[in-house]
Structures are given as C-alpha cells and as structure tokens.
Amino acid sequence: MLFGNTLHLVVGFLFVTIINANSDTERIAKFNQNMNRAWIIKDAIGNPECPGSRKNEIVYKKDLTKKLGDIKLLSNAGKNSEGVYTFPPGVDYEINGEKVPGDSLVVKLVRMDSDYDSCEAEILHRIGSLRDHGKLWKEANFGSDVEGSPRSSPSGARSNSGSDSGHSDSGSDSSVEWLDYGVLVMNKAKGKSLSQYEWWKQLSGPQKKELVEKTLVDIKSKVYGLLKTQHLLYADLNLDNILVEIETDDHGIHSFKEAHLVDFGFPGIFTVRKIPEPEEFDSWFYEQFNFYSADLRKAQNWREFSGRQLVADSDSESSGAGKRLSNHDAGTGGGTGRRRSNDSDAAGSG
C-alpha cells in the first residue's frame, strides 16, 4: 500500500513537472514570436541592435573615482538595485561647474564586460537623463554589501587590463581585486516598484489589479512615445523596472499618480525599422507584459492583460464601480484627510 501511494506521488510529480515544462516552453515560444515582429531590428544572433555599442573605451574614459568616493549602495534586495548607488544626504555633485543636489541623482556601475555596456549611456543621453559618465576604481563584486561604498583604489592596485592606479606600492592589499567600472550618473526617478510598498501585500486581488492596470496605461503611452520620438523600443516590461508614484492621503487612501521606466541597459532596448500602428503596438505591448507578469497573474488568478480589458475596466470605474485603495482595505496608517505625495523615491532614470 505504501509503495502504491509512493508511486502515485511520483507519477503525479512527474505529470505536474511535464505540464510546467510544456507551459514554460509555450510561454517562451510565444515571447520569441512577439519579439520577431517585422518592425523590430535585431542582429544575426537575435540580440538588439543597440545604439552606441562598442564604445566602452570612449564612454567610460574619464576617471570619476575621487568625485564618487562617498556614494552608498542603494540596496541589494532586488536585481534592479544591485550596483545602483545614491549620494549621502546633503552632498552635491558638480556637473559642468554647477553643483547639483545629490538627492536628485543616482549612480549606476557597469562592469564593462560586454560590447553593449556603452549602449545605456547613449540611450540615457537621448532621453535627457544622463548627467555624467566615466569610470571608477572599486573593489570587485560591488553588489554584495548594502552598507558598503566604493573606495578609492588602494596603493599599487591594478585593474585586469594592467593599468596602474598611480599610487605607490606601499600598503597595498594583494588579496583584493580592484577593477575599473563604468559609471553612469543619471536623474533619479520618483516612486517605487509596486511590490516595494509596505502596503502592497495587504491589498486585495482587485485592488492590486487596479493599480497594475493604471500603471500599464501610463507606461504604454510612455513606451510608445519613446518609440515615436527616438525609434527606441523598451522591451524589458518587468514590474521591477517600473517605478510608480503613489499619492496617499492622511486617511491612508492610496491612488495612482504616475509611472516611470528604469533600467535602459542591454538587452532591454531595441531599435525599429518603422513605427508600428497603435493597434500593432498595443498587441506587442500586452503580449510582452503578459510574459513578464506570468508569475503575478498566476498567483492572483488573473487572465492575460489586454487593451480591450483596460478600456472596459476604465469605463466601469468612471461609472462608479471603481474605488480608490483605502486604509481600511489595505491596512495602512490613518490621518486627517489631506492629500500628500509619497515621499519614498527609488533609484532609476526616466
């Protein structure tokens, strides 16, 4: 009897595994089909045709080590914050002779191990977010210590390329590897990814869906705008790459304000042969987001998102069926009822 139960469990496990494997295969195939639209340009092996590629030595030439010695790692809690740094409170950063408040900027370190690492600088420049760029001497594995900050190269340290740091050999630590990292100083985007808000887990499924839908409407407009003005297609439509500004009143009522894209690095940006018609773009956009949101949709038992669905939901809300996300529903703090913007900005650009 025990053997029979065990066999049943094993067969059941294999059956579920096969179903999941088939589901993943179909999902990836659907994604590849979506990215093979005729108007999207890719190279011979399927990589994006990335503007500004193969220019690492030019883009990351200026040494910014002394100017960036005090920056602090934002967080190592999420993949979109590893290698992203902020300035200490009250510290300004000089750009072209002008002092810019450090709290309006973030710093991203780039490993420069790909020909395409210079693409992000070009793209940030095109969208008006890049403020400075160069290189920085720093200990390897920059994303491992949330409290750590880049230190100037120790005496006598050398990069992999063998370039001398310019210091004497006294006091060097040969056990530590120091490398040149590319540096991008960029404008800071407001908001957080939805999952980073403390009250997100306490929202009901319909409330989460409402916020995601409003985020999609705003982001779709911005992705299409970038496509029309710069011929750049932002394809990495992961919710972690979308920062959302939330307005919260003193009763704890949360309402959507605006969404911002972050992480414009390879391989998430493609160029296009032509601008697709809005209907064609909408089809691509929702297919792309559905791919990246599969886990969330499965957890919430949501159907795939579509433009028609969002229009219907918007009409329902305007007729009185929709409601704002309240403190009573979400379990957040209360107050006197004045509207205030959320003050917790996250790093990024946009």
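Figures for the structure shown
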read-out	value
Point-to-point label distance, ILE28-ALA140, nm (Cα→Cβ direction, 7 Å offset)	2.9
Cut-off under 5 Å, modelled amide H: who pairs with GLU258 long-range	GLU245
Theoretical gain in end-to-end length, ILE95 to LYS222 [0.36 nm per residue, Cα-Cα removed]	43.0 nm
Within-12-Å neighbourhood charge of LYS55 [Cβ basis; K, R +1; D, E -1]	-3
For the range 57-63, Karplus couplings with θ = phi - 60° (6.51, -1.76, 1.60), whole Hz, Gly/Pro x	5, 7, 5, 9, 9, 5, 7
Per residue, the convex hull volume that the Cα atoms of the range 188-232 enclose (Å³)	82
Label point distance in nm, SER114-ILE45, each placed 7 Å from Cα along Cα→Cβ	1.2
Long-range HN-HN contacts of SER118 with modeled amide H, under 5 Å	ARG54, LYS55, ASN56
Chain lengthening between GLU247 and ASN36 when straightened (0.36 nm per residue, less Cα-Cα)	72.1 nm
Amide H contacts of ASP63 (H built 1.01 Å from N, under 5 Å, at least 5 apart or other chain)	LYS135
Trypsin sites (Lys or Arg not before Pro) restricted to DSSP loop in the range 220-285 with at most 10 other C-beta within 10 Å	LYS274
J(HN,Hα) series, the range 267-282, from Karplus relation 6.51 cos²θ - 1.76 cosθ + 1.60, nearest Hz, glycine and proline x	x, x, 10, 10, 9, 10, 7, 7, 8, x, 5, x, 5, 5, 5, 4
Phi to ³J(HN,Hα) by Karplus 6.51 cos²θ - 1.76 cosθ + 1.60 over the range 218-230, Hz, x for Gly, Pro	5, 5, 4, 4, 6, 5, 5, x, 5, 5, 6, 8, 10
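Any read-out appearing in this document is the output of simple, stated calculations on the displayed coordinates, not a laboratory observation. In this text, all values refer to a predicted model and were calculated from it rather than measured experimentally. Because the Cβ atoms are built from the backbone with ideal geometry, glycine has one as well, and the counts that use them run over all protein chains shown.
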